[in-house]
Every structure is written in C-alpha cells, then in structure tokens.
Amino acid sequence: MKKDKGQEIMKFDNLSDEGLAELTQLVNALITALAESCKLATQLEESNVKVKKYSETYIPEKLASLGLEQIRLKDGKKIIVEEFYSGMIKEDDRPRAFKWLEENGFGNIIKKEVHVPIRRDDLKMHAMVMRLLSEAKLASKTTETIHGQTLKAFIREQVEAKNKKLPWDLFNIYIGKRTKIT
C-alpha cells in the first residue's frame, strides 16, 4: 500500500490550480476549526473555574454573612449550602499517608489489588490462579479484554494482508484519513 514518493510528486505536479485552491480552502477551514475548538476549550475551562468560585466561595460566604444556610428566592429557587468532603493523596506522600492510616487504626481502608495478565489461550494458568484465589476465599473477577492499540494493529495487519474472512461489522472496522498540521 506504500507509494513511491516520486509518484506523490508527480501527482502534485499534475494538480490543477483549481484543485490546489480547493485544497488550500479545506486546509484553511481545518485551521479555523482547530482554532475555534481551542478557543471553546479555553472558554469551557474558564467557565468551570467561575462555576466553582460561585458555588464554593461567593454564595456560601454571602449566605454565611447573612446568617443563613439556605434561602428561597422570589422566583422559587431554593439555595442551600451543604458541606462536602474531598481529598487525594499525592503519589510522593503515599508511604507516609498509608503508614499514618495503619498506625492510627485505619489501615483497613487501604485495599490491595492484584492484576494478573493471562493470555486468553492459557486456560490452565487461568484455572490455577482462579482455584488459588477461591481456596484463599478471595473474591476475584475475570474479564476478557483486548487493548485498543492491539486491536488497531491486528486490524491493520489483517486488512493489509487482504484477509477476506475478517468480519468488518463485528469489529466495527473503519478506515479513514486524518489531516495533521505541524
């Protein structure tokens, strides 16, 4: 499916002025759409910051200054300020945080997860692992999956090898073209 660069150059040399003008218009339309998309993403981010400020700062502070926790406005809207809790442990702080939890009697909230990748056709290994987990009375779950990049590579290989038995509808195969501007 690869083409000789000489062929591409010949094709380029054979393009009409009209064809190049249309291509230029399409590329410019793509550039405009990309710029608009970036602008909208920035606006969404800024809007989300505003929502957070109003929801978590301005309105709670105003209600507190009025001595209220909730109010019903004239238009029927009910405004309530409720507490919420959030937290996260930074990767660098995990050992200390986990140690603190364990030393303070909260170690039970720390869960260990075990992921064991097993090839689908290695049924003996799968059965052995599942038996060991069952004997240890550990809940386990088996899922079968194909990594997205693995599936794409497989499809590409099969299409390029012209595999007529490949079920396109089953794999929802789509071959398209994408423009990249650098």
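Bear in mind these aren't lab numbers, they're just calculated from the coordinates by the rules spelled out. What you see is a predicted model, and the numbers here were worked out from it, not measured in a lab. When we count neighbours, we look across all protein chains shown, and the Cβ atoms used for this are built from the backbone with ideal geometry, even at glycine.
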Positive-pole candidate from ALA97, ALA127, TRP168, dipole of the range 70-182, charges at beta carbon: TRP168
Cα centroid separation - the range 33-92 against the range 140-158, whole Å: 40 Å
Selected from VAL114, VAL51, VAL81 as most flexible by GNM, with the chain as the system and alpha-carbon contacts under 10 Å: VAL114
Total lysine pairs under 27 Å (Cα atoms) in the range 88-144, excluding pairs fewer than 8 apart on one chain: 13
Ranked by how many other beta carbons lie within 10 Å on average, peptides 38-45, 127-134 from highest: 127-134, 38-45
Reachable lysines from LYS74, criterion Cα separation under 25 angstrom, eight or more residues apart if same chain: LYS50, LYS52, LYS53, LYS62
Ranked list, fewest to most other Cβ atoms within 10 Å of each Cβ, for ARG119, ARG156: ARG119, ARG156
